[in-house]
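Peer 1: To start, I am sharing the structure in question, which I have written as structure tokens.
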Amino acid sequence: MKRITKFALTIAVVLFATNLFAQSFGDVFNNASELLQGGKKVEAIAQFQEAFKLAVAAGEEGEELAAQCKDIIPALLNQVASEKAAAKDFAGAKEIYNQIKSFGEEISNLELADKAKANLNQICMIEGDNALNDKKFSEAIEIYNKVLEADPQNVNALMRVGMAESASGNVDKAVAAYKKAKELGSADADTQIGNIYTNQLKKAVNAKDYATALKAAESAIEVAPNNTAYMYGGIAAYNLKNYTKAINLLKKAEPNANVNYYIAQSYEKAGNKAQACVYYKK
């Protein structure tokens with residue numbers, strides 16, 4: 001008889017504790033809802049998170065409420081993150097998106113976690129663009145590289161790295177970034193590479209470094225043929241006494257008095273006086 005009494009008492013205690021637990025996560029959930037209605041979004045999120053933990057711990061009895069929390073919590077967190085981003089509180093926005101990512105991983109919702117990662121990268125891109133616009137090139141490169149660590153296929157980040165490296169005078173690194181972007185489908189990468197080499201070409205011609213100028217011109221023509229590369233490349237070849245190359249390059253440039261003069265000079269130096277006269281007349 002005593003055993004039955006003890007068993008019954010144990011059951012009663014368990015049921016009482018379970019009811020209290022159920023009441024507990026329900027009360028916390030209701031409190032969270034009231035806070036949300038009162039406009040206290042951050043406090044409401046904390047309470048929904050607490051209700052979720054309690055509901056999960058309650059097992060089957062808390063399944064329905066836990067499922068509701070799985071929808072409510074990330075939705076509210078996304079709202080807060082968007083508000084922080086709009087207010088340019090990028091550090092705060094990233095902190096919230098990290099919370100969403102962690103929550104998505106916790107509940108095995110990979111889609112939610114992936115969206116949070118994408119939003120994190122988007123915030124980082126904004127930070128990088130701000131640094132780039134402020135000519136803080138080293139800072140911008142560092143930020144874009146963090147984006148690429150998380151998303152190696154991010155073409156926009158690669159293009160921005162190219163811009164920042166180019167502005168910093170790091171030609172080889174800039175070209176490498178643009179080439180990677182081209183491999184991933186960027187239609188503008190070749191144009192940017194061509195611009196880098198064309199600018200290098202102009203500086204080299206002004207410095208009378210004709211070997212560097214010719215090399216830059218040929219590199220530009222290889223990826224993005226343009227009039228400047230043909231003209232200055234031809235002039236560089238002429239000064240290097242490579243008259244055949246000078247003629248070939250200059251003939252592809254837009255004709256003008258200066259271009260025709262260098263073609264004429266190249267023909268004359270090469271011993272073709274007849275063609276030299278043709279271009280002197282032009």
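The values are calculated or read from the model by the stated rules, or taken from the named source; none is laboratory data. This is a predicted model, so every value here is computed, not measured. Heads up, the Cβs are rebuilt from the backbone with ideal geometry, glycines too, and the neighbour counts pull from every protein chain shown. Note: areas computed on protein heavy atoms with side chains; ligands, DNA, RNA excluded. Shrake-Rupley method; radii C 1.70, N 1.55, O 1.52, S 1.80 Å.
Peer 1: Along the range 138-145, what does the Karplus equation 6.51 cos²θ - 1.76 cosθ + 1.60 (θ = phi - 60°) give for ³J(HN,Hα), rounded to whole Hz, x for Gly and Pro?
Peer 2: 4, 5, 4, 4, 4, 5, 4, 5
Peer 1: State the label only: which of (1) 19.5; (2) 24.4; (3) 18.9 corresponds to Kirkwood radius over Cα pairs in Å computed from the shown model?
Peer 2: Answer by label: (2).
Peer 1: In addition: Round to the nearest 0.05 the FRET efficiency obtained for Ala176 and Ala57 when R0 = 45 Å and r is the Cβ-Cβ distance.
Peer 2: The pair Ala176/Ala57 has a calculated efficiency of 0.30.
Peer 1: While we're on this one: Which percent of the accessible heavy-atom area of the chain goes to carbon and sulfur, probe 1.4 angstrom?
Peer 2: Numbers: 8330 of 16380 Å².
Exposed carbon and sulfur together represent 51 percent of the surface.
Peer 1: For the range 145-282, what is the relative contact order in percent, using Cα pairs closer than 8 Å and at least 6 residues apart in sequence? Can you show the working numbers first?
Peer 2: Numbers: 192 pairs, mean separation 18.0, N = 138.
Relative contact order for the range 145-282 comes out at 13 percent.
Peer 1: Leaving out ligands and nucleic acids, and using a 1.4 Å probe, what accessible area per residue does the range 131-282 come to in Å²?
Peer 2: Ligands and nucleic acids excluded, the result is 55 Å² per residue.
Peer 1: Just subtract the alpha-carbon distance of Ile126 and Glu222 from 0.36 nm times their residue separation and send over the number in nm, one decimal. Before the final figure, lay out the partial values.
Peer 2: Numbers: separation 96, 0.36 × 96 = 34.56 nm, distance 3.31 nm.
Extra length from Ile126 to Glu222 when fully extended: 31.3 nm.
Peer 1: Right, another one. For the range 55-120, what is the accessible area per residue in Å², given a 1.4 Å probe and the full set of protein chains?
Peer 2: Counting only protein heavy atoms, the per-residue value for the range 55-120 is 55 Å².
Peer 1: Suppose each label sits 7 Å from its Cα in the direction of the beta carbon; what would the Leu184-Gln79 distance come out to in nanometres?
Peer 2: In this crude label model, Leu184 to Gln79 measures out at 3.4 nm.
Peer 1: Sticking with this one: Summing -39500 (n - 2.57) over the DSSP H runs of n ≥ 4 in the chain and dividing by its residue number, what mean residue ellipticity at 222 nm do you reach, to the nearest 500 deg cm²/dmol?
Peer 2: -27500 deg cm²/dmol
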